[in-house]
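Colleague: Starting off with a structure, shown below.
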Amino acid sequence: MDSRQALGWDGTVATETTSTDEADGTDGTDGTGEPDETAVFERHRSILTGVAYRMLGRFADAEDVVQEAWLRWSGEGRADVREPRAYLVRITTRLAIDRLRQAQSRREDYVGPWLPEPVVTDYGPAAPDTAERAVLADSVSLAVLVVLESLSPLERAVFVLREAFGFPFAEIAAVLDRSEAAVRQLAGRARRHVEERRPRYDVDPAERRDLTERFLAAAGGGDMEALIGLLAPDVRLVGDSGGKAKAPLRIIEGADKVARFFIAVAGDAARYERRIVEINGAVALLVLSDGKPDLVLQLEIADGTVRSVHIMRNPDKLGGVVSGRPAL
C-alpha cells in the first residue's frame, strides 16, 4: 500500500503507511521489553490528528479528539492489541464521528455561513516536495473540506480513510464495524458526491499568488473596473464570522456585488498588518491586528479568474494560523 500524507500534530506532514506495525524499534519500550504506551501513541499521533482534522474541519476539535483517544489508550488494557495503529485509528475515527454528529446539530444555530478552520501549511526549510505538496493541498484544501461537510458522518469517515490515507476497505470496515460490501457502497457514494462538487481545476502556485496580489491591489486601490475584471461573473463570497466579527452573514454572489463589497471594506483593512501565507495548501492573505490574526482570505481560481472568495473572521478559528513559521 502506498504511503499517504498525514497532517501532523504541529501542522507538519508525516508519512504513514497502511501496513501493520513492524518491530522496527521505533515504538520504544518501558525497559522490560514491553512497548511503552506513550511512545507507541506518539508514533501514531500525526495520522490520528490528520484523520480527525479532515473529519471535523476544526483543528481544535481534532486536538480534543486525539487527546480523548490518548486517555482511552492509556487507561485501557492493551494486552490483546497487536496492531496499535489500527486500534488507535479506530478509536479516533469513532470519536470523530460522534463529535461530527454533535457539531452538525449545533451548526443549525450557527450565525452565518460555516467554513473549516484554516491551518498553516507553510513549512519553510521543511517543506515537502512537489508531489507531497499536491497530496496535502488536495486533502486539506478549504474547497474540499467544504464539500466534505455535505457528506454523512459515515461517508466522510470512509472518504477520509480511503482517499486521504489509502486504508484498505477491510480495515475501514473494521474501524466502522460495517461489512466490507457496505463500506464499498459508502465509498462509491462519497466519491461521486465529492467529484460532482469539488473544484475541477489545478492552479499553478505562482499564478494563484499573482492573481491574489492583483486582487488585493485592485481592492485596496479602489479600482472597481480592474477588480471586476478579475472576478468570474458568478463569483461567490463566503464569510465565516460566527456572529463574533464583521463579515457577510449571507453568501454574496455576482462580480459587481462582490467587487463593491471589497471596495467598501478595503480602506479599513489598509491600516492592519498583512501577510501572504500558505493556508490549507494554497496561498492566502492573513491580516493581523496588534499582532493577532483578524482575518484569513483565500481565493479559488479557475481559468485566470476568481471563482469564489473565502473569508474567515471567527476568532475561535484563527488562533492556529500564527505558528512562528515564516511567511511565503
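Colleague: Please work out the C-alpha center-to-center distance from region 205-284 to region 79-96 and express it in whole Å.
Modeller: When both Cα centres are located, 43 Å separates them.
Colleague: While we're looking at this one, here's another question. Kirkwood Rh over Cα pairs of region 209-328 into Stokes-Einstein at 20 °C, 1.002 mPa s: D in µm²/s?
Modeller: 148
Colleague: Go ahead and run the numbers for FRET between ARG72 and ALA170, Cβ-Cβ distance against an R0 of 25 Å, rounding to 0.05.
Modeller: 0.60
Colleague: Using a Förster distance of 22 Å, how high is the FRET efficiency between GLU195 and TRP114, based on the Cβ-Cβ distance and rounded to 0.05?
Modeller: The value I calculate is 0.50.
Colleague: Can I ask one more? Nearest 0.05, what FRET efficiency do THR38 and ALA181 give at R0 = 45 Å with Cβ-Cβ as r?
Modeller: 0.75
Colleague: Continuing with the same structure: Can you sort ARG82, ARG313 from fewest to most other Cβ atoms within 10 Å of each residue's own Cβ?
Modeller: Listing ARG82, ARG313 from fewest to most nearby Cβ atoms yields ARG82, ARG313.
Colleague: If the cut-off is 16 Å between C-alpha atoms, which lysines fall inside it for LYS317, apart from same-chain ones fewer than 8 positions away?
Modeller: Reachable lysines: LYS244, LYS246, LYS292.
Colleague: Along region 257-266, what does the Karplus equation 6.51 cos²θ - 1.76 cosθ + 1.60 (θ = phi - 60°) give for ³J(HN,Hα), rounded to whole Hz, x for Gly and Pro?
Modeller: 5, 5, 4, 4, 4, 6, 4, 5, 9, 4
Colleague: Between ASP290 and ALA302, how many nm apart are label points set 7 Å from Cα along the C-beta direction?
Modeller: Placing both labels 7 Å beyond Cα along the Cβ direction yields 4.2 nm.
Colleague: Taking the DSSP beta bridges in region 205-317 as the whole, what percent of them are antiparallel, to the nearest 5?
Modeller: DSSP beta bridges in region 205-317 are roughly 80 percent antiparallel.
Any read-out appearing in this document is the output of simple, stated calculations on the displayed coordinates, not a laboratory observation. Since the model is a prediction, treat every value here as computed from it, not as a measurement. Cβ: placed from backbone, ideal geometry, glycine included. Neighbour counts: every protein chain shown.
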